[in-house]
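Read the structure below first, then the notes.
The values are calculated or read from the model by the stated rules, or taken from the named source; none is laboratory data. Predicted model, so just to flag it, every value in this text is computed and none were measured. Glycine also receives a Cβ, built like all others from the backbone with ideal geometry; neighbour counts cover every protein chain displayed.
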Amino acid sequence: MNETPSSEGARTEPTPETPPQVRPAIVLKGTPVAPGLVLGVVHRKDYELSRAAVERVPLDQVERELNRFHQALSHARAQLARLKTSLAGKVAKDDARILDVHVAYLKDSVFISDVENLILEEQMSLEAAIGKVISDFDRIFRLVQNETLRERAVDLRDVGIRVLRHLEKDVDAPAAGKVVPQNYVLVARELSIVDMFNLSGNQVLGILTESGGLTSHAAILARSMRVPTITGIEKLLEHVREGDFVILDASEGQVRINPDEVVVAQYRQAADDLAKVAAVGTAAREEMVPRTRDGEVIHVAASCGNLPEVDQASSVGLAEVGLYRTELMYLVDKAEPTRDALARHYASVLEAARGGGVTFRLLHADSSLEIGYLHERREQNPALGRAGIRALLSRERVLRRQVQALLVGGTTIGDAGEARMRIALPFVTDCGELRRFKEILFEERLELRKNQEPHVEKCEIGVVIETPAAALGARDLAREADFLLLSLDSLQQHLLAADRENAELVASFQTVHPIVLRAVREVVRAAHAESKQVAVFGVTAVQPENVPFLLGVGVRAFCVAPASVEEFVKVVASVTLKNAKRAAEVAAAASAPGETTSLVDSYRHGYGAH
């Protein structure tokens, strides 16, 4: 288990959309059962059989208890029948038959007779009798080293709780003063079927439990229903309260409780993108190879910032992660992540890429992110201060830890890892920074070798072109780097001296500026002259009106967010390179954006395909 407390600022009232105003953030780890990513508020269902107190009833009420028992059995069987009907078409038929096991237990003569005997012979209340029978079965089954019998114990416990809930005055009503959210992340002690479904119309977004096996019937249903689920989270119920806001990341097996707003924003975007990807049909995914109208294949790789996005990339057919932003691990907590934590994360990213290469961009954080071990205070102009490789070289300890983590994490993929992992330096201005990084990389590799720690011996080193100096010195950088990445958003911001976050300057980023297009053209020429690959990424780079111009100046590789791939493929397919080159020449020759308006309009309404 990992617990990482950190202080957070003020929060709003809890809803499924916003984190609540509660305690410091905590990160806990467990075992992923069903993959996925969800954000939401917690609803706890920690019903215990021990709540059924051992009570006796007068002799004249024994008959009444027996009648209550058979009525509850009948209601529970009817509920399971309705549940099975509601799951038709949503889960595999074989998985839905799991509910038949529960129906069988509700008819089981041994279970029924044991409960009846306790009522008749010991005058136990029905609740106490059911609690004792289930607890006895549970204790016996768990003593044996047999997974099947353990699963039977869980199933029988589910059945017992289901019957007990039907005996309560209102089985679906929450406790007094307790408002159950419409959509929630279920938190329980054990993974069980009885808590997975709510017949009142509420939706279980995800499931977190302290215990529960990977092969249990509840786990099978969770996977079949595609409900993100993590089990085996130690002390979960000690840390999570009703109404807490959580991020359930079943790709990494982590739950973040009351996370910082910056982290919430990062994961919410990933969750939204995941939903978009899920809507893409299988047939469309098979056609995710961008090809221009005249048949030229354009290389496209994924742009990701967390593990769920890497999973999305694989699901839409992107074999390569051309840009993996590594900032998230530094934002989830105020304390610096350990080398081992970083290495495990990078290993997970490489495994999730399922055979494709991954380009890791080093930490790119300016002082506005308030990472204390990287910046002592917020600078007057963070965007032009210590950021990217400039900040890392000023705090070599942070850089060296990340370098070691990447080298160690890369070994998860064996010998092939040398060809699959690349490192990109952000915010580069000249070759001096690239050379210094190579020296540090050599030193850290030597340190790992001395300590006899497995690590990646070779990996390509590239630079991100986003400063005017890097664009002007692209030929020099291309000679010494193994590849180039061009951040179009950042380059446009710095060349035009226009803040992307300033609403009044948003027009500067609606289309690529002629001067910026000239800079892109020169970077592409520099890369090609040195036989180095150059890929472009950024929101501006995949806007439909900009794609033809970028293709026209020679860009043949893009890094695209998985959720945007389908639209990107359509745009590329509508472009004829001959027309795109002609349009790009005219656009780059313009002295102001207004002069290219007619060209942009023609591409926006058909992309100049004809």
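Observations
- Subset of segment 368-414 (residues that are touching a Gly at 6+ places or on another chain (Cβ under 7 Å) and in contact (Cβ under 8 Å) with a residue 24 or more places away in the chain): Gly410, Thr411
- Complete set of residues in segment 252-263 that are crowded, with 22+ Cβ neighbours inside 10 Å and polar (S, T, N, Q): Asn258
- Qualifying residues in segment 438-470 (those that are touching a Leu at 6+ places or on another chain (Cβ under 7 Å) and part of a loop (DSSP other than H, G, I, E, B)) - the one surrounded by the most Cβ atoms within 10 Å (Cβ to Cβ): Glu466
- Residue in segment 489-507 that is surrounded by fewer than 20 Cβ atoms within 10 Å (Cβ to Cβ), in contact with a Lys or Arg (Cβ under 9 Å, 6 or more places away or on another chain), more than 20 Å from Val321 (Cα to Cα) and in the same structural domain as Gly594 (by TED's automatic domain parsing) present: yes
- Residue satisfying all of: in segment 341-361; surrounded by fewer than 23 Cβ atoms within 10 Å (Cβ to Cβ) and part of a loop (DSSP other than H, G, I, E, B); modelled with the lowest pLDDT among these: Gly355
- Annotation for segment 239-259: at least one member residue is closer than 22 Å to Val187 by Cα, among the aromatic types (Phe, Trp, Tyr) and either in contact with an Asp or Glu (Cβ under 6 Å, 6 or more places away or on another chain) or at pLDDT 90 or above (or both).
- Filter result for the condition that a residue is modelled with pLDDT of 95 or more, under 21 Å from Arg420 (Cα atoms) and in the same structural domain as Val398 (by TED's automatic domain parsing), over Glu466, Glu457, Glu444, Glu439: Glu444
- Hits in segment 558-580 - residues which are modelled with pLDDT of 90 or more, among the polar types (S, T, N, Q) and assigned to a helix (DSSP H, G or I): Asn579
- Candidate set from segment 379-395 (those that are modelled with pLDDT under 90 and either within 29 Å of the chain's Cα centre (by Cα) or surrounded by 19 or more Cβ atoms within 10 Å (Cβ to Cβ) (or both)); member that is nearest to Leu495 (Cα to Cα): Ala383
- Among the residues listed as Ala173, Ala128, Ala92, Ala78, the single one being at pLDDT 80 or above, surrounded by fewer than 18 Cβ atoms within 10 Å (Cβ to Cβ) and among the aliphatic types (A, V, I, L, M): Ala78
- Residue ID - modelled with the lowest pLDDT, chosen from residues in segment 581-610 that are β-branched (Val, Ile, Thr) and in contact with a helix residue (DSSP H, G or I) (Cβ under 9 Å, 6 or more places away or on another chain): Val600
- Exactly one residue out of Asp476, Asp489, Asp499 is at pLDDT below 95 and in a helix (DSSP H, G or I), and it is Asp489.
- Val428 vs. criteria assigned to a loop (DSSP other than H, G, I, E, B), under 30 Å from the mean Cα position of the chain (by Cα) and under 20 Å from Val536 (Cα atoms): yes
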